[in-house]
Structure formats: C-alpha cells, structure tokens
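J.: Take this structure first; my questions come after.
The values are calculated or read from the model by the stated rules, or taken from the named source; none is laboratory data. All figures in this text were calculated on a predicted structure; none of them were measured in a lab. A quick note on method: Cβ atoms are made from the backbone with ideal geometry, for glycine too, and the neighbour counts reach across all protein chains shown. Quick note on the areas: whole protein, heavy atoms, side chains included, nothing else; ligands and nucleic acids left out. Shrake-Rupley method; radii C 1.70, N 1.55, O 1.52, S 1.80 Å.
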Amino acid sequence: MNPVPRIRLLWSHRTSRERAGLILAAIAVLVSLIWTQLWAPSWRTLADAPRQRAQALAELQTLQTSQKWARDLARRPDRSASESLAAASEISQSLGATAQANGASVRIQIEAWSADTLSQLWRRLQETPGIRISSTELVQGAQGWAGQITVTAGARP
C-alpha cells in the first residue's frame with residue numbers, strides 16, 4: 001500500500017489557508033530540529049572553548065613545572081648518607097630547629113613554629129637528595145607547631 005496517493009488526496013482537500021498553516025508548521029518543526037540537533041551543540045562548544053583552553057593551558061603549565069622539577073632533581077649529584085644527614089641538620093638549624101644525629105637518622109625538634117616555617121622546612125627536606133622523612137610527631141598548639149621530625153638517609157619509596 002503506497003501512502004503517497006493518500007497524502008496527495010488529503011493535501012488537495014485542504015484550503016489554501018490550511019496549506020499555508022501546514023507549511024509554516026512544517027518549517028517551524030524543521031527549524032527547531034536543525035537548531036536543537038545541529039546549531040545549539042556547536043554554539044555551546046564555541047562558547048565553552050575559551051574556558052577549556054585556559055584550563056588546558058593551566059594543566060600544561062603545571063606539567064611543565066613538574067617536569068622541570070623532576071629534571072632538576074635528576075641532575076643533582078648523589079650524596080653519601082652522612083652528607084645527606086648533615087644537609088638535613090643544616091637546613092633544620094638554619095630555620096631555628098634543633099637537630100640531633102642518631103646514627104642513620106636525624107631527629108629534628110621544633111617548638112612554636114608557624115605553619116609557613118614548618119612548610120618551608122618540609123619542602124626543603126623533600127627537595128634534598130638522599131633524604132627521606134621517616135616519621136613525624138607534630139602537634140598544633142596555641143603558640144604554633146611543636147614536635148619532632150625524623151629523617152633518614154636513603155631514597156624515597
């Protein structure tokens with residue numbers, strides 16, 4: 001059964017005003033389909049592109065910084081265990097902590113430190129080749145951070 005003759009018969013029975021209305025309705029449906037299926041998604045993608053580009057550039061910058069940091073660490077000469085522990089003692093004492101060597105480790109004692117100073121110590125210890133932070137016992141009190149950090153010589157796990 002072919003539907004075309006039936007459609008032609010229904011179309012011929014419509015007045016010119018009804019035909020114009022049906023044509024306008026078909027055009028409106030077609031335009032809305034084109035908009036929702038083709039143009040709107042493309043428009044959203046174009047509008048979102050600057051934000052996505054900025055986010056990608058920020059991620060690239062972070063990766064490049066990490067890569068530079070890793071290369072710098074790889075280029076540093078290896079130290080003996082005693083040199084590494086001596087460096088940890090020097091770093092600690094330069095920031096005002098007391099450092100006590102115990103054979104293969106150094107115990108760093110801090111009293112009433114600000115979070116910034118503690119963060120600086122932590123960062124410098126982590127950047128020192130051949131040093132591994134093996135334990136921490138830190139407490140935040142009314143006057144700042146206090147406690148001890150134990151570092152050992154050796155590679156990080």
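J.: Using alpha carbons only, how many angstrom separate the centre of segment 109-123 from the centre of segment 24-76?
T.: The two parts, judged by their Cα centres, are 41 Å apart.
J.: In addition: To the nearest 10 degrees, how steep is helix 16-34 against the longest Cα principal axis of the chain, on a 0 to 90 scale?
T.: 20
J.: Would you please put 37-47, 118-128, 94-104 in order of how densely packed they are, using the mean number of other Cβ atoms within 10 angstrom per residue and starting with the highest? Mind dumping the intermediate values first?
T.: Values: 37-47: 10.0, 118-128: 15.7, 94-104: 13.0.
Put in order of decreasing packing, that is 118-128, 94-104, 37-47.
J.: Another question, then. Pop a pseudo-label 7 angstrom from the Cα along the beta-carbon direction at both residue 68 and residue 13 and give the gap in nm to one decimal.
T.: Going from the residue 68 label point to the residue 13 one covers 8.0 nm.
J.: Provide the per residue accessible area, probe 1.4 Å, for the chain, rounded to a whole number of square angstrom.
T.: Working: 11730 Å² over 157 residues.
Here the residues of the chain average 75 Å² of exposed surface.
J.: Additional query: On the accessible surface of segment 15-155, probed at 1.4 Å, how many percent belong to carbon and sulfur atoms? It would help to have the intermediate numbers written out before the result.
T.: Details: 5720 of 9900 Å².
Result for segment 15-155: 58 percent of the exposed heavy-atom area is carbon or sulfur.
J.: Further, regarding this structure: Evaluate the distance, in nm, between pseudo-label points positioned 7 Å from the Cα of residue 37 and of residue 137 along their respective Cα→Cβ axes.
T.: Each label point lies 7 Å from its Cα, and together they span 7.2 nm.
J.: Also, I was wondering about something else. Debye sum, Cα scatterers, segment 8-157, no solvent: what log₁₀ I/I(0) at q = 0.13, 0.14, 0.15, 0.18 1/Å?
T.: Normalising to I(0) and taking log10 leaves -0.77, -0.82, -0.87, -1.05.
J.: Now for a different question. Normalising by the residue count of segment 1-143, find the relative contact order in percent from Cα pairs under 8 Å and 6+ residues apart.
T.: On the way: 65 pairs, mean separation 24.0, N = 143.
Dividing the mean separation by the residue count of segment 1-143 yields 17 percent.
J.: Let me ask another. Label points 7 Å out from Cα along the Cβ direction at residue 120 and residue 4: separation in nm?
T.: 8.7
J.: Plugging the Kirkwood radius over Cα pairs into Stokes-Einstein for segment 49-104, at a temperature of 25 °C and a viscosity of 0.890 mPa s, what D comes out in µm²/s?
T.: Working: Rh = 14.6 Å.
Answer from the Stokes-Einstein relation: 168 µm²/s.
J.: Further question: If each DSSP helix of 4+ residues adds -39,500 (n - 2.57) and the sum is divided by the residues in the chain, what number results at 222 nm, nearest 500 deg cm²/dmol?
T.: On the way: 5 runs with 91 residues, N = 157.
It lands at -19500 deg cm²/dmol.
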